[in-house]
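The values are calculated or read from the model by the stated rules, or taken from the named source; none is laboratory data. This one's a predicted model, so the numbers in the text were calculated from it and none came from an experiment. Here Cβ is always computed from backbone atoms with ideal geometry, including for glycine, and neighbour counts include all displayed protein chains.
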């Protein structure tokens, strides 16, 4: 028996789910991986055939421990900045991975291209934006506000992941909004840098 190809609605749902999960990775890397692993383990979401390992018990345990360690480490001022440096590339990898895992029945080259550009790009850009905001928090409060900021990030990652699993389109809309804000903020920052360089010259 040959499986029927996915409908346009199913493809759109898978893509919006992936983008929403990638945006959640921008806040925390392992929380979305843990929740996706949990949802797949109990059959709440479908994953591409070569990503079934995400639903395994070892993966669930590994992501659970990693999520706890990550969330706890980000509560320590100044340690969080060191983590941001490592987590930047990791966010791109995790965003790509989660996006690819949702794109079922798609040519491999197309799946990974979309996953890297949309998933990895979204996760990386949002992570970079949040890392910049954390630096601003440290500069203005001496790091005192960083634990509150870290708690917000963990909560946002959890909420956005759950929303992506339950209502993918809603999570996708939030992801697009966050991306637009991040791009706008990045442009404003670089304009300010160029203006400062011009004044110093």
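For beta carbons closer than 8 Å, sequence separation of 6+ or different chains, a first residue in the range 103-116 that is touching a residue at least 60 places away in the same chain (Cβ under 8 Å) and on the phi > 0 side of the Ramachandran plot and a second that is surrounded by fewer than 17 Cβ atoms within 10 Å (Cβ to Cβ) and not in a helix (DSSP H, G or I), the qualifying pairs are 105/3; 105/5; 105/6. The residues on offer are 128, 95, 124, and the sole one that is modelled with pLDDT of 90 or more, within 12 Å of residue 27 (Cα to Cα), surrounded by fewer than 22 Cβ atoms within 10 Å (Cβ to Cβ) and touching a helix residue (DSSP H, G or I) at 6+ places or on another chain (Cβ under 8 Å) is 128.
The residue list 24, 40 contains one member that is crowded, with 21+ Cβ neighbours inside 10 Å, closer than 24 Å to residue 180 by Cα and in contact (Cβ under 8 Å) with a residue 12 or more places away in the chain, which is 24. In this entry, residue 60 passes the filter for residues that are farther than 26 Å from residue 177 by Cβ and modelled with pLDDT of 95 or more.
Restricting 86, 31 to residues that are within 20 Å of residue 120 (Cα to Cα) and at pLDDT 95 or above narrows the list to 31. Within the range 58-77, the residues that satisfy the criterion of being surrounded by fewer than 18 Cβ atoms within 10 Å (Cβ to Cβ), touching a helix residue (DSSP H, G or I) at 6+ places or on another chain (Cβ under 7 Å) and within 21 Å of residue 148 (Cβ to Cβ) are 73, 75. Restricting attention to the range 28-59, the residues being over 14 Å from residue 164 (Cα atoms) and part of a helix (DSSP H, G or I) number 12. A residue that is touching a residue at least 40 places away in the same chain (Cβ under 8 Å), assigned to a helix (DSSP H, G or I) and under 11 Å from residue 19 (Cβ atoms) occurs somewhere in the range 123-146. Among the residues of the range 38-50, those that are in contact with a helix residue (DSSP H, G or I) (Cβ under 7 Å, 6 or more places away or on another chain) and under 21 Å from residue 105 (Cβ atoms) comprise 39, 40, 44, 45, 47, 48.
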